[in-house]
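The values are calculated or read from the model by the stated rules, or taken from the named source; none is laboratory data. What you see is a predicted model, and the numbers here were worked out from it, not measured in a lab. So basically every Cβ, Gly included, is an ideal-geometry build from the backbone, and we count neighbours across all protein chains shown. Remember, those area values only see protein heavy atoms, side chains included, never the ligands or the DNA or RNA. Shrake-Rupley method; radii C 1.70, N 1.55, O 1.52, S 1.80 Å.
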Amino acid sequence: SIEKMYKYPVDVAGTHGKTSTTGMLSHIFIAADKNPTILIGGELPVINGNMHIGGDEYFISESCEYHCSFLDFSPYISVILNVDADHLDYFKDIEEIKQAFGKFASIASGAVVINADDKNTVDAVGSIEKPIITTSAKAEADFYAKNISCNGFSEYSFDVYGQSGYINHIELSVPGVHHVNNALCAYAAAATLGVDAESIAKGLKSFTGVKRRFELKCEQNGIRIYDDYAHHPTEIAATLQTLKNFTANERYIIFQPHTYTRTYALLGDFIKALSGVGTIIVLPIYAAREKDTGKISGKDIAEKIEGAYYAESFEDAADYILPRLKKGDIVMTMGAGDVYKTGDILINKIKNC
């Protein structure tokens, strides 16, 4: 592993939030002048890409559970944000996924940082013999949030407490309450490596997101077009809950399901996550690495959501929305494939931004 060349590798794992949390950690270590080497699964503006070669002390990376690839890493600190049923084309069930995350925790040479609000994560690390640093937005932990408040753009601030009381005040610049948990994990990992409280707060405040994570693509004529990578029901629910906090006349969600196995295994969860948030437009499934077995299609989702429309193509989706769009509306393209192209079509039609 390349990480063996570094003194303190920090690997961020979890079914959701890896890229954002890795981005937060990157900003913290940059704010602290630690010159980190960074490897992240999205475009991070502060490094103009997804990789930055820094010094040989700190290596900050996100690590994916698919095919257990995160077991090839050599973390000093393993961070686990959450454990959810996903990649069921590889894993047998949630128990096998928890076992994989438990192994990932056990390979940490220093400590394990966990989101203690996530029961599956707590289960996953239950039997490992490593120092475990807990974080929570709900209860007392090694690092926990109190006095959580939200501004008009669904960006949260909170106080960080520890076993000895108040530590620090944190303000986030990314929307969504789920980022409180992500920020706490980033905080705990950085503090464990000796980063000062002022640099942690500065780094978290300066993080404004990565591309394709609640990214505002266009604001024109009172219409806002966002794009988001959410492709698992839990992520979709979190993103749409955040979107509900935004004032809007109508919300149009253009969703592109990602892989046939995920759509088939979690169909009911997708329907639940997408229901009741606005007008849903569903695109054909993005195949990624898979072949179409004919067992499932995007239409199966659309047919079970009241008022939803099944679009055969990006152009079809744009043509459906365009005559309905008016001032004060929000459009969000959502999925891990190339659904953002629908947003690009809409942007070009309402005016180049």
Q: Report the net charge of residues surrounding residue 104, where surrounding means a beta-carbon distance below 14 angstrom and charges are Lys +1, Arg +1, Asp -1, Glu -1.
A: -3
**Q.** 27 Å tail of the calculated P(r), segment 214-353, as % of Cα pairs
**A.** 13 percent
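Going by the alpha-carbon gyration tensor, a ≥ b ≥ c the square roots of its eigenvalues, is the chain rounded (a/c under 1.5) or, if a/c is not under 1.5, prolate (a/b greater than b/c) versus oblate?
Working: a/c = 1.85, a/b = 1.46, b/c = 1.27.
Prolate shape, in that a/c is at least 1.5 and a/b is the bigger ratio.
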Q. Helix 18-31 versus the longest principal axis of the chain: what angle, 0 to 90°, nearest 10, using Cα atoms?
A. 50 degrees
Q | Estimated dipole of the chain in Debye, rounded to 20 [Cβ of Lys and Arg +1, of Asp and Glu -1, Cα centre] | A | 580 debye
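Kindly report the accessible area of the chain per residue (heavy atoms of protein chains, probe 1.4 Å, no ligands, DNA or RNA), in Å².
Details: 14850 Å² over 353 residues.
Normalised by residue count, the accessible surface of the chain is 42 Å².
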**Q.** Per-q log10 I(q)/I(0), segment 14-87, q = 0.11, 0.16, 0.17 Å⁻¹ (Debye; single scatterer per alpha-carbon; no solvent)
**A.** -0.27, -0.57, -0.64
**Q.** Cα→Cβ-extended label distance, 7 Å offset, between residue 246 and residue 211, nm
**A.** 1.9 nm
Q | Cα-based Rg and Dmax for segment 103-223, where Dmax is the largest Cα-Cα distance (Å) | A | 15.9, 57
Q) How large is the Kirkwood hydrodynamic radius of segment 1-137, in angstrom, based on all distinct alpha carbon pairs? A) 14.9 Å
(Q) Treating only the Cβ of Lys, Arg, Asp and Glu as charged (+1, +1, -1, -1), what charge dipole size does segment 1-72 show about its Cα centre? Round to the nearest 20 debye. (A) 80 debye
Q) In a shell of Cβ-Cβ distance under 9 Å around residue 11, excluding residue 11 itself, what net charge do Lys and Arg (+1) and Asp and Glu (-1) give? A) -2
Q | Kirkwood-Stokes translational diffusion coefficient of segment 93-134, alpha-carbon pairs, 4 °C, 1.567 mPa s, µm²/s | A | 127 µm²/s
**Q.** Alpha-carbon centroids, segment 178-217 and segment 33-87: separation in whole Å
**A.** 14 Å
Q: Can you pull the one-decimal nm distance between simple spin-label points at residue 48 and residue 157, each 7 Å off the Cα toward Cβ?
A: 3.3 nm
Q | Rule-of-thumb Rg ratio for segment 111-179 [Cα; 2.2 N^0.38 Å; N residues] | A | 1.22
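Longer than 20 Å from Cα to Cα, which of 34/103; 130/202; 18/205; 4/34 are they? Say none if no pair is.
On the way: 34/103 29 Å; 130/202 30 Å; 18/205 18 Å; 4/34 18 Å.
Going by Cα-Cα distance, 34/103; 130/202 fall outside the 20 Å limit.
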